[in-house]
Amino acid sequence: MRPTIVWPILAALAAALLLAPTVAAKDGRDIRVAGTCSASTTSKLKLSPEDAGIEVEFEVDQNRNGVPWRVTLRRNGALVASATARTRGPSGSFELRRVVSGSGTIVAVATRASGERCTARAAI
C-alpha cells in the first residue's frame, strides 16, 4: 500500500477504538470505562454483576471541593437514578453508587451549573 493510503486507514481505526461507546463482559467480571468530560474534569464508570442486577459506580474527579453536580443514570434509555452530588476532599471528587435491575447499556451523565458535562457509557 502507498503511504498516503495507510495513514487515513490507521487514523480511522484509532478513532474507532477511541470512540467505541460500550464495553461488554459476559464472564461476570467488572467492566471499567473512562468517561469523557467537556473540561479538565475526569470521569469513570464501573459496572459489577450483582445478584439483584448491576452495581453501577460513577466517579467524577474535578480536583475542587464543594462543587455540586446533577447526576443521572439510565439503563437502556430509561432513567433509573437522579441525584445531586458534591465534590469532596481530599481529591475533589464524588462517586455515585446504585444497584439497578436487569442488564443492558448504562449511561451516566454529570452536569455542573457552569455547563460542564461528563458522560460515561458501558454495557453488561
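The values are calculated or read from the model by the stated rules, or taken from the named source; none is laboratory data. Fair warning: this is a prediction, and the values are worked out from it, not measured in the lab. Quick reminder, even Gly has a Cβ in these numbers, built from the backbone with ideal geometry, and neighbours come from all protein chains shown. Side chains included, ligands, DNA and RNA excluded: accessible areas come from the protein's heavy atoms. Shrake-Rupley method; radii C 1.70, N 1.55, O 1.52, S 1.80 Å.
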Residue check, residue 101 open to solvent by 60 Å² or more (accessible area, probe 1.4 Å) and out of contact with any strand residue (DSSP E or B) (no Cβ under 8 Å at 6 or more places or on another chain) = no
Subset of the range 71-118, residues in contact with a Gly (Cβ under 6 Å, 6 or more places away or on another chain) and among the β-branched types (Val, Ile, Thr), comes to 99, 100
Screening 116, 95 for residues that are closer than 13 Å to residue 43 by Cα and open to solvent by 70 Å² or more (accessible area, probe 1.4 Å) leaves only 95
* To do: Report yes if some residue within the range 104-115 is at pLDDT below 95 and under 14 Å from residue 33 (Cα atoms); otherwise report no.
  => no
Exercise. Please tell me if residue 110 is in contact (Cβ under 8 Å) with a residue 60 or more places away in the chain, surrounded by 14 or more Cβ atoms within 10 Å (Cβ to Cβ) and not polar (S, T, N, Q).
Key: yes
Reported set for the range 32-54 where residues are charged (D, E, K, R) and buried (at least 16 other Cβ atoms within 10 Å of the Cβ) is 44, 46
